[in-house]
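Below: one structure in structure tokens.
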Amino acid sequence: MPDNALISLTGIQKRYELGEQIVYALRDINLEIIRGEYVALMGPSGSGKSTLMNIIGCLDTPTAGTYILNGKEVSSMSDGELSHIRNMEIGFVFQTFNLLGRLTALDNVALPLVYAGVSKKERTERAKAALNDVGLSDRMSHKPNELSGGQRQRVAVARSLINNPSILLADEPTGNLDTNTSKEIMALFDEIHAKGNTIILVTHEEDIARYAKRMVRVRDGVIENNG
């Protein structure tokens, strides 16, 4: 594993037993992502890209193989250890935003810091700074239903970065947005990448994938093009 490799996947498999039948979602995946890279993970529905994303995001564990994230072997960790890794190492941005409707933008952004045991004063200061960074300093007290789709996704991006994670993992981040708003969100990702953040963008849209600096194509559970 190179010194600057943030992610190293070796011989990763994911299989499911359906009665007497064994179905492989992933077969012998080998992939390295260097710290500071901007990678698009592409593939059609059923290709295995979502399974691969879940393993990279520590939302699932492989059946076989080794996954090293930021120097830690995570492929055999317990659920509790994986939960800690997710909170501290990975920032998630989802197509459906995943904001809590009863909380303000500020409280949604601060939520990961609650789980990390950060004091209320520091949580508020860091959440305000994060919202300011994504251009929402005037929307901090608004709840999700008072925000546009693009503003909600900006809140989600601010939340994903609040713990200074090793990776920003974005799953179809523009899937619920119109064309102009999608361009605004992808421009925001460009700014985040320019600051040195590692971004993994999961998408099936070629025009969105082109914002990344490298494309990794998955088909039938294998990597057919490593970019």
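Would you be able to tell me the number of residues in segment 101-150 that are under 27 Å from K183 (Cβ atoms) and aliphatic (A, V, I, L, M)?
The total comes to 11.
Okay, next question. Report yes if some residue within segment 24-33 is in a loop (DSSP other than H, G, I, E, B), modelled with pLDDT of 95 or more and closer than 24 Å to I208 by Cβ; otherwise report no. Walk me through how you get there before you give the answer.
Of segment 24-33, the ones in a loop (DSSP other than H, G, I, E, B) are none.
Within segment 24-33, none of the residues are in a loop (DSSP other than H, G, I, E, B), modelled with pLDDT of 95 or more and closer than 24 Å to I208 by Cβ.
Next up: Mind listing just one residue for me: the one in segment 111-122 that is in a loop (DSSP other than H, G, I, E, B) and more than 21 Å from the chain's Cα centre (by Cα) and, of those, nearest to E191 (Cα to Cα)?
V118
Related question: Looking only at residues in segment 56-73 that are hydrophobic (A, V, I, L, M, F, W, C) and over 16 Å from the mean Cα position of the chain (by Cα), which one is farthest from E32 (Cα to Cα)?
Applying the first criterion (hydrophobic (A, V, I, L, M, F, W, C)) to segment 56-73 yields 56, 58-59, 64, 68-69.
Next, only the ones that are over 16 Å from the mean Cα position of the chain (by Cα) stay: 64, 68.
Working: A64: 17, I68: 10 Å.
The extreme case among them is A64.
Still on this structure: Identify, from the list Y67, Y16, the residue that is touching a strand residue (DSSP E or B) at 6+ places or on another chain (Cβ under 6 Å) and surrounded by fewer than 18 Cβ atoms within 10 Å (Cβ to Cβ).
Values: Y67 fails: surrounded by fewer than 18 Cβ atoms within 10 Å (Cβ to Cβ).
Just one listed residue meets the conditions, Y16.
Let me ask something else. Criterion first (surrounded by fewer than 18 Cβ atoms within 10 Å (Cβ to Cβ), within 23 Å of E37 (Cβ to Cβ) and not polar (S, T, N, Q)) does K121 satisfy it? Break it down stepwise before answering.
On the way: surrounded by fewer than 18 Cβ atoms within 10 Å (Cβ to Cβ): yes; within 23 Å of E37 (Cβ to Cβ): no; not polar (S, T, N, Q): yes.
Answer is no for this residue.
Next question, about the same structure. Looking for whichever is more than 26 Å from N108 (Cα to Cα) and crowded, with 16+ Cβ neighbours inside 10 Å here; the options are A158, A212. Which one fits? Write out each step before concluding.
Numbers: A158 fails: more than 26 Å from N108 (Cα to Cα).
Checking each option against the conditions leaves just A212.
Restricting the first residue to segment 12-39 and requiring it to be of a type in the set (K, R), which pairs with a second residue that is exposed (fewer than 14 other Cβ atoms within 10 Å of the Cβ) and part of a strand (DSSP E or B) meet a Cβ separation below 6 Å and a spacing of at least six or different chains?
R15/I22
Looking at P173 and the list (1) surrounded by fewer than 22 Cβ atoms within 10 Å (Cβ to Cβ); (2) closer than 16 Å to A40 by Cβ; (3) touching a Leu at 6+ places or on another chain (Cβ under 9 Å), which single condition is not satisfied?
(1)
Could we say that M77 is within 18 Å of the chain's Cα centre (by Cα), surrounded by fewer than 19 Cβ atoms within 10 Å (Cβ to Cβ) and among the aliphatic types (A, V, I, L, M) here? First the steps, then the outcome.
Working: within 18 Å of the chain's Cα centre (by Cα): no; surrounded by fewer than 19 Cβ atoms within 10 Å (Cβ to Cβ): yes; among the aliphatic types (A, V, I, L, M): yes.
No.
The values are calculated or read from the model by the stated rules, or taken from the named source; none is laboratory data. Keep in mind that what you see is a predicted model, and the values were worked out from it rather than measured. Neighbour counts are summed over all protein chains in view; Cβ atoms, including those assigned to glycine, are modelled from backbone coordinates with ideal geometry.
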